[in-house]
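Working notes, structure below.
The values are calculated or read from the model by the stated rules, or taken from the named source; none is laboratory data. On a predicted model such as this, the values are computed, not experimentally measured, just so you know. Cβ coordinates were reconstructed from backbone atoms using ideal geometry, including for glycine residues, and neighbour counts include every protein chain displayed.
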Amino acid sequence: MTDRKSVLPGTLDLLILRAVSLGRLHGYGVLLRVMQITRNELQIEQGALYPALYRLERQGLLAAEWGTSDNNRRAKFYQLTPDGRRRLQEESDMWRAMVRVMSAALHARPGEA
Amino acid sequence: MLGSVRRFIWRVVRRGRLDREMSDEFAHHIELRADDLVRAGLAEDDALRRARLEFGNVTAAQESAREAWGTQWIDRLRQDCRYALRTRRRNPGFASIAILSLGLGIGAVTAVFSVINALDFRPLPFKSADQLVWLAEVTPLGHDICSHCPFPTSGPTLHDWVAQSTSFSAVGAVSSGSFGWEHGDVTESLTAERATPGFFAMLGAYPTFGRGFVAADTVRGALPVAVVSYEFWEARLGGDPRFIGTQLTGRGGTRYTIVGVLPRGFRFRDDAAIWTPLQATGTGSRNDRLLTAVARLKPGRTLAQSNSELEAITRLIAGESPSDFRGWTVQVGTLRSLLTAPVGKGRFVLFAITVLVLIIALLNVAGLLLGRAVGREQEMAMRTALGAGRSSLFRQMLVEGACIGVTGGALGVWLAVWAVRAAPHWIALDAAGIAVSVDQRVLLFALVISLAVGTAAALLPALKIGSLDLNDALRRHVQNFSQQVARTSNVLIALQVAVALAVVTAAGILSRDFLEWRYFDLGYRPDSLYFTFVSGTGERAKDPAAWRLVAEGVRERIAAIPGIGSATLEYRNASHPTVVHPAEGTAQLSASQIPAVKGVDPTYFTTFGTPVLAGRNFGTTDGPGSASVAIVNRAAARAFWPGGSALGKRIFVGDSISNGELLIVVGVVEDAERGELEERHWPMVYRPMQQTKLYHAAAGLYVRCADCGNGALLAAERAVRESTGRSATPFKSVIDALDTQVVGRQSSAVILDAFAVFGLLLAAMGVYGSVAYAASRRVREIGIRVALGAPRRTVVQVVARRGLIVAGIGVGIGIVSALLLARVMRLLVVATSPMNGWILAGAALLMLCVAGVAAILPAIRATAGDVLIALRAD
């Protein structure tokens, strides 16, 4: 567990949006989905997940409703709003651009530019 | 925006439910995680523990989740408030002084603001009051009563305005006067107004019972009718609707049929009990300006449009009769300006003074909080050590201040409600006929002021606490801090002294202005002067000669009563001659320069104490057979013969230009007649009663007492009853009558003085507290000095000097600002009285004494006792 990387600041929101974009999820489901799509390589502090969920809900990027979970318990399910979908798109594009720029910068050798 | 506000409120309201849901959600999460772990092979107990461990700090997660909702500051505020209240309970003395100071200050400001609110902000209590305007003529420059002031208009001019203007949907007029109500065997003088038909309807005031006036009421020969106010009807007529149709007897026996009762609370510029119809005829002189014209603008018309229309109409009229309009102009003003004009600007002056007093209270509380902050530095340090952020301490202090402010504000509002209810006429407001009350706007004002003042008072200590080095504080190394605080507190002391002196100076100037008016320049001595009215009854009243004998008999009987110095009869405006002018010369006189004529007897001027300035008084020889003589007052002499002597000149007095008589002026007396609250005296012509053919069945009877202690006035009343067959209304003191006239001014002066004294006391309290505190902080230093062998007297002197220097600086600033203020006031306000140097000096001395005593007492205590105790002190 110690070799897993902790989440880069600011990326947790993006990960959550991405996780929820694949389908309606409750809080624990979000955690599992994030772990799944990051191939278990990121360490997420589970408690920190919720403030992020509430923040996204308050910003209108996620919609929440109460339903029944697989184990027949009342659970709060989150899903992406149209705003959330747009935001996810923007943030992903930005992230990809950033990755391109950063990796180019890190691979550059003197004289190449 | 609204949506997010609604969501926010929703979240605040549902905070409890959100909390529960959050706990649910967390529990669910941990449960699911534990299930997974069990599936992965862990024992159930281990799985649950592991799940909890992985989830991390639940409370921290909840905290940051709540922060995500954005409602957390409410919890914080609640916490701070609870803390503030707890601190207050721990220190009730401090809290009650602070709350009392602010409460009195806020109460004063709120009370005066409620007056300003009623007069200047709240809609007037009439239908669509913003459309109502006042049609006024404007006096020429140098007019006797007032230069360039809005003035009533005349019947003919009003008639032309109505006929030719298109701006107004309705025009009405009122004219005030008095109504002599004869009931039983007394004549009671009631405040009365006359109003044109349609006036009430224009204001949207429809009689509760009966009807208002109609055009038929004003035609010649119509039955005299009257409408009464609801209050008069209820209090004096028994509140019986059947009273409609019955009659009231007016002066001279005219019987008025009551046709209506006005709605409850209806007032227009005064408290008229009875209204009679007024006909604005097109006949008469344009110089008789007696009608106050009010109109309703047609929808869409502006004040400016109606103004220029009226100006155009009036230019035409003035072209036809230029002598009546020399220098006169017209103006359309708001109804509010008409109603508030008689009240003057005193309310703004009072407001300014109360704001200054509130500032003193604020400085007081700031000083108290500052002193206490020093005592609490350890508590603050402890709280910081326990994890309170600096900003949270700052916030805590401000919330404490706001709590004190709001509590003080609640007290203040209570005081203001009481003041407004107990004394509506205190601040000279009845003149405007507008009810004053504490309404929502006033409450909002008080709330804002309370919060602002409370927070402002806490700001300084809060900043100081912010700069506190906590490690030092914890180690009780507080010298540095308390020195800093001492500097700040010195500034507060100086400020307080300065503001207090400014308040005292301003109040001194203004209240002298208010008060001195009362007995200033009356032209007679009002002290030990009493008056009543005598009137004849029945047939005898209709025979002038017989009546005059009776009245003269009464006067002689009364003058002979032991204790009565002299007595005189006054036949005021017994008949108002329409033509009075100097027999020679062609002096052009304005309406207000035409004298009133009064019939008096030889004892008149001596009884009133009015000095004869030139010539002689009337004598018993000025009878029907001798030459017709007159005495004029200075105002008339100046108007008739500017720059020359009046003695020996002749005056024409008559009903018309052709029908009158010539009088020789034998004396000039001091001006002694003027209207209520008027600045200028009226021009007067006095004639010996014996020489006039004036007929009047009622006279004023004035008595100057030499010693009225032993029932002399009662004996005089008995004499009146026995001689005339009617009981006299009880004698009234002229001073009392004057006081009711100027009650507004007088109480304004009293209120002003009270505020000044209150401000001074408040400042003294604050200065004492701050100086004594600063001195007591130096007890240890004093101990060291004494231990090192300094003579005790020297030490006391040193300590006292420091307190005095601070107060002295304040006094210096205060005197300079007071002088500046006095100069500004003389420029801006009506104030004419010079600044009273003694008051200022006294106030300054008081401040110095207070500061001196406050500084010396702790020093004496420290030096007198055991040096070791002083050394061990903080």
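Can you tell me which residue among B:G212, B:G177, B:G172 is under 30 Å from B:E311 (Cβ atoms) and at pLDDT 85 or above? Walk me through it before giving the result.
Details: B:G212 fails: under 30 Å from B:E311 (Cβ atoms); B:G177 fails: at pLDDT 85 or above.
Exactly one residue qualifies, and that residue is B:G172.
Quickly run through segment A:67-87 and pick out the residues that are in contact with a strand residue (DSSP E or B) (Cβ under 6 Å, 6 or more places away or on another chain), more than 8 Å from every other protein chain (Cβ to nearest Cβ) and over 22 Å from A:G10 (Cβ atoms).
Correct list: A:G67, A:F77, A:Q79.
Kindly evaluate B:S189 against the criterion of being exposed (fewer than 15 other Cβ atoms within 10 Å of the Cβ) and at pLDDT 90 or above. Spell out how you get there, then give the answer.
Working: exposed (fewer than 15 other Cβ atoms within 10 Å of the Cβ): yes; at pLDDT 90 or above: no.
Here the answer is no, as B:S189 does not meet what is asked.
Checking A:G60 against (1) within 11 Å of chain B (Cβ to nearest Cβ); (2) over 21 Å from B:R52 (Cβ atoms); (3) surrounded by 20 or more Cβ atoms within 10 Å (Cβ to Cβ), which test does it fail?
Of the numbered conditions (1) within 11 Å of chain B (Cβ to nearest Cβ); (2) over 21 Å from B:R52 (Cβ atoms); (3) surrounded by 20 or more Cβ atoms within 10 Å (Cβ to Cβ), the odd one out for A:G60 is (3).
Any idea which of (1) at pLDDT 85 or above; (2) under 26 Å from the mean Cα position of the chain (by Cα); (3) assigned to a helix (DSSP H, G or I) is the one B:V365 doesn't satisfy?
(2)
Within segment B:810-824, is even one residue closer than 21 Å to B:A841 by Cα, touching a Phe, Trp or Tyr at 6+ places or on another chain (Cβ under 9 Å), at pLDDT below 75 and surrounded by fewer than 18 Cβ atoms within 10 Å (Cβ to Cβ)?
Looking only at segment B:810-824, we keep the residues that are closer than 21 Å to B:A841 by Cα, and these are B:810-824.
Checking which are touching a Phe, Trp or Tyr at 6+ places or on another chain (Cβ under 9 Å) leaves us with none.
No, there is no match, as no residue in segment B:810-824 is closer than 21 Å to B:A841 by Cα, touching a Phe, Trp or Tyr at 6+ places or on another chain (Cβ under 9 Å), at pLDDT below 75 and surrounded by fewer than 18 Cβ atoms within 10 Å (Cβ to Cβ).
So the check is Cβ under 7 Å with 6+ separation or different chains; which pairs have a first residue in segment B:776-799 that's hydrophobic (A, V, I, L, M, F, W, C) and a second one that's at pLDDT below 80 and not in a helix (DSSP H, G or I)?
Close Cβ pairs satisfying both conditions: B:V779/B:A873; B:V799/B:R778.
Picking from B:W275, B:W328, which residue would you name as being within 23 Å of B:T196 (Cα to Cα), of a type in the set (F, W, Y) and out of contact with any His (no Cβ under 7 Å at 6 or more places or on another chain)?
Details: B:W328 fails: within 23 Å of B:T196 (Cα to Cα).
Exactly one of B:W275, B:W328 is within 23 Å of B:T196 (Cα to Cα), of a type in the set (F, W, Y) and out of contact with any His (no Cβ under 7 Å at 6 or more places or on another chain), namely B:W275.
Out of (1) among the hydroxyl-bearing types (S, T, Y); (2) touching a Phe, Trp or Tyr at 6+ places or on another chain (Cβ under 7 Å); (3) more than 23 Å from B:V58 (Cα to Cα), what's the single condition that is false for A:T38?
(2)
Of the numbered conditions (1) modelled with pLDDT of 85 or more; (2) under 18 Å from B:A170 (Cβ atoms); (3) buried (at least 16 other Cβ atoms within 10 Å of the Cβ); (4) out of contact with any Gly (no Cβ under 6 Å at 6 or more places or on another chain), B:T302 fails exactly one; give the number of that condition.
(3)
Filter segment B:301-315 down to residues that are free of Cβ contacts under 8 Å to residues at least 40 places away in the same chain and in a helix (DSSP H, G or I) and give me whichever is farthest from B:T166 (Cα to Cα).
In the first step, residues of segment B:301-315 are kept if they are free of Cβ contacts under 8 Å to residues at least 40 places away in the same chain; the result is B:302, B:304, B:307-308, B:311-312, B:315.
In the following step, the residues that additionally are in a helix (DSSP H, G or I) were identified as B:304, B:307-308, B:311-312, B:315.
Values: B:A304: 13, B:N307: 11, B:S308: 12, B:E311: 13, B:A312: 12, B:R315: 16 Å.
If we take residues in segment B:301-315 being free of Cβ contacts under 8 Å to residues at least 40 places away in the same chain and in a helix (DSSP H, G or I), then B:R315 is farthest from B:T166 (Cα to Cα).
Out of (1) modelled with pLDDT under 75; (2) over 24 Å from B:V399 (Cα atoms); (3) within 13 Å of chain A (Cβ to nearest Cβ), the odd one out for B:L2 is which?
(3)
Of the numbered conditions (1) part of a strand (DSSP E or B); (2) at pLDDT 85 or above, B:D217 satisfies every one except a single condition; which is it?
Here B:D217 clears every test but (1).
Would you confirm whether or not segment A:91-105 contains a residue that is out of contact with any His (no Cβ under 7 Å at 6 or more places or on another chain), within 13 Å of chain B (Cβ to nearest Cβ) and of a type in the set (S, T, N, Q)?
Quick first cut of segment A:91-105, residues out of contact with any His (no Cβ under 7 Å at 6 or more places or on another chain) only: A:91-105.
From the residues that got through so far, the ones that are within 13 Å of chain B (Cβ to nearest Cβ) too are none.
There is no residue in segment A:91-105 that is out of contact with any His (no Cβ under 7 Å at 6 or more places or on another chain), within 13 Å of chain B (Cβ to nearest Cβ) and of a type in the set (S, T, N, Q).
Would you mind stating whether A:L31 is in contact with a helix residue (DSSP H, G or I) (Cβ under 9 Å, 6 or more places away or on another chain), more than 10 Å from chain B (Cβ to nearest Cβ) and part of a helix (DSSP H, G or I)? Outline the logic, then answer.
Values: in contact with a helix residue (DSSP H, G or I) (Cβ under 9 Å, 6 or more places away or on another chain): yes; more than 10 Å from chain B (Cβ to nearest Cβ): no; part of a helix (DSSP H, G or I): yes.
Here the answer is no, as A:L31 does not meet what is asked.
For segment B:22-67, which residues satisfy the criterion of being part of a helix (DSSP H, G or I), facing chain A (nearest Cβ under 10 Å), of a type outside the set (A, V, I, L, M, F, W, C) and loosely packed, with under 13 Cβ neighbours inside 10 Å?
Across segment B:22-67, the qualifying residue is only B:T59.
Mind listing just one residue for me: the one in segment B:280-299 that is among the hydrophobic types (A, V, I, L, M, F, W, C) and in a loop (DSSP other than H, G, I, E, B) and, of those, surrounded by the fewest Cβ atoms within 10 Å (Cβ to Cβ)? Steps first, please.
Initial filter on segment B:280-299 (among the hydrophobic types (A, V, I, L, M, F, W, C)): B:280, B:290-291, B:293-295, B:297.
Within this subset, residues satisfying the condition of being in a loop (DSSP other than H, G, I, E, B) are B:280, B:290.
Numbers: B:A280: 23, B:L290: 17.
For segment B:280-299, the residue satisfying everything is B:L290.
Output the residues belonging to segment A:36-57 that are within 9 Å of chain B (Cβ to nearest Cβ) and assigned to a loop (DSSP other than H, G, I, E, B).
Passing the criteria: only A:E45.
Given the condition surrounded by 15 or more Cβ atoms within 10 Å (Cβ to Cβ), more than 32 Å from the chain's Cα centre (by Cα) and of a type in the set (F, W, Y), answer yes or no: does some residue in segment B:192-200 qualify?
Scanning segment B:192-200 turns up no residue that is surrounded by 15 or more Cβ atoms within 10 Å (Cβ to Cβ), more than 32 Å from the chain's Cα centre (by Cα) and of a type in the set (F, W, Y).
Which of the residues that make up segment B:334-354 are more than 16 Å from B:V503 (Cβ to Cβ), at pLDDT 75 or above, in a helix (DSSP H, G or I) and β-branched (V, I, T)?
Within segment B:334-354, B:T340 is the sole residue that qualifies.
Could you tell me which numbered condition B:A205 fails, if it satisfies all but one of (1) among the aliphatic types (A, V, I, L, M); (2) farther than 30 Å from B:I317 by Cα; (3) touching a strand residue (DSSP E or B) at 6+ places or on another chain (Cβ under 6 Å)?
(3)
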